[in-house]
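Student: Sharing a structure, written as structure tokens. Questions coming.
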Amino acid sequence: MARLQPTAPHGFASRLCVWMMRRVFGRDLRPYGIAAHAPRVVPGITALNIIFETGSWDLDPTLRKLVHLRVASLIGCVF
């Protein structure tokens with residue numbers, strides 16, 4: 001299976017989202033480098049991260065682990 005290498009953000013919206021991400025998290029997150037291949041996706045990913053980081057979407061740690069495992073199995077991720 002081919003893997004995409006992270007790339008630099010293109011366009012104003014992508015650069016703005018990466019700048020915000022660096023301010024919030026203090027570093028570049030790997031999915032943004034991959035999503036930069038499709039710049040129109042980056043603002044949506046940023047909006048979802050902002051929504052889920054508000055704290056009102058807290059999940060039980062056991063349920064969170066099950067969700068991570070299910071998503072990993074759906075996309076074929078190997079650990």
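No lab work stands behind these numbers, since they all come straight from the coordinates. As the structure is a computational prediction, the values presented were derived from the model and not from experiment. Please note: Cβ atoms are built from the backbone with ideal geometry, for glycine as well, and neighbour counts cover all protein chains shown.
Student: Taking Cα atoms, how many degrees apart are the long axis of helix 61-75 and the longest axis of the chain, rounded to 10 and kept between 0 and 90?
Tutor: Computed tilt is about 60 degrees.
Student: Could you give the dipole magnitude of the chain about its Cα centre, charging the beta-carbon of Lys and Arg +1 and that of Asp and Glu -1, in debye to the nearest 20?
Tutor: Numbers: 10 positive and 4 negative charges, 47 e Å.
So the magnitude is around 220 debye.
Student: Over the chain, what is the mean sequence separation of C-alpha contacts under 8 Å (at least six apart), divided by residue count, expressed as relative contact order in percent?
Tutor: Working: 47 pairs, mean separation 21.9, N = 79.
Contact order relative to length: 28 percent.
Student: For the residue pair E53 and R27, what label-to-label distance in nm results when each label sits 7 Å from Cα along the Cα-to-beta-carbon direction?
Tutor: Taking the two extended label points, one gets 1.4 nm.
Student: Expressed in nm to one decimal, what extension gain is obtained for the pair R3 and H68 from 0.36 nm per residue of sequence separation less their Cα-Cα distance?
Tutor: Values: separation 65, 0.36 × 65 = 23.40 nm, distance 2.00 nm.
Extra length available between R3 and H68 comes to 21.4 nm.
Student: Something else now. Using helices alone, what [θ] at 222 nm do you get for the chain, with -39,500 (n - 2.57) per DSSP H run of 4 or more residues, divided over all residues and rounded to the nearest 500? Kindly include the intermediate steps, with their values, before the conclusion.
Tutor: Working: 4 runs with 47 residues, N = 79.
Counting only the DSSP helices, I get -18500 deg cm²/dmol.
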